Amino acid sequence: MIKLTAIIVTFAAALAPAAAADVMAVTTLERGRILTNADIDIYPAANEDPYTVRDAYIGKQLKRTVYAGSEITHMHLQEPILVQRNAMVTMTYQFGTLTIVTAGRALGAGSTGELVDVMNLESRKTVRALVTGPDRVTVP
């Protein structure tokens, strides 16, 4: 019976999550803010490199407001929104060596690599386009 208990305790300890770094907000950070070095303090776990942790947070956008001294987790973060809803965007169509560039209006918001609906202002037709940069989309 004692051996079985020791095995269960050892197995449970192996399943416990490893300690993670604490990332704290230096000041109150508003929703939508892109994180910079000055916005966060990092208290790394014993086995973590603080520069790796910092790189995972810098350049990400906050989904909601985080107050000074509060912990910032990956649940608070998203890739930056590069195309805002109703924004004017540059649409690029590419067919072989032919490239057509025109103006459009984004009907939704999106980050790099996401698909958004865009209305072509010339034809008034709506197409799905891939976000490639700030206010830039490519029609696949």
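The values are calculated or read from the model by the stated rules, or taken from the named source; none is laboratory data. Because the structure is a prediction, the values reported are computed rather than measured. Heads up, the Cβs are rebuilt from the backbone with ideal geometry, glycines too, and the neighbour counts pull from every protein chain shown.
Are any residues in region 84-136 hydrophobic (A, V, I, L, M, F, W, C) and closer than 20 Å to residue 34 by Cβ, and if so, which ones?
Once the filter is applied, which keeps residues that are hydrophobic (A, V, I, L, M, F, W, C) and closer than 20 Å to residue 34 by Cβ, region 84-136 yields 87, 89, 106, 109, 116, 131.
Can you tell me which residues in region 109-120 are loosely packed, with under 15 Cβ neighbours inside 10 Å and either assigned by TED's automatic domain parsing to the domain that holds residue 63 or at pLDDT 95 or above (or both)?
115
Could you pull out the residue among 127, 53, 66 that is surrounded by 14 or more Cβ atoms within 10 Å (Cβ to Cβ), over 15 Å from residue 22 (Cα atoms), touching a residue at least 12 places away in the same chain (Cβ under 8 Å) and not aromatic (Phe, Trp, Tyr)? Break it down stepwise before answering.
Details: 53 fails: over 15 Å from residue 22 (Cα atoms); 66 fails: over 15 Å from residue 22 (Cα atoms).
When all the criteria are applied, what remains is 127.
Do we have any residue at all in region 51-58 that's farther than 30 Å from residue 126 by Cα, of a type in the set (S, T, N, Q), part of a loop (DSSP other than H, G, I, E, B) and modelled with pLDDT under 95?
No, that holds for no residue.
Is there a residue being over 14 Å from residue 68 (Cα atoms), at pLDDT 90 or above and exposed (fewer than 13 other Cβ atoms within 10 Å of the Cβ) anywhere in region 23-30?
Looking through region 23-30, none of the residues is over 14 Å from residue 68 (Cα atoms), at pLDDT 90 or above and exposed (fewer than 13 other Cβ atoms within 10 Å of the Cβ).
Mind listing just one residue for me: the one in region 70-87 that is in contact with an Asp or Glu (Cβ under 9 Å, 6 or more places away or on another chain) and not in a strand (DSSP E or B) and, of those, nearest to residue 110 (Cα to Cα)?
My answer is 84.
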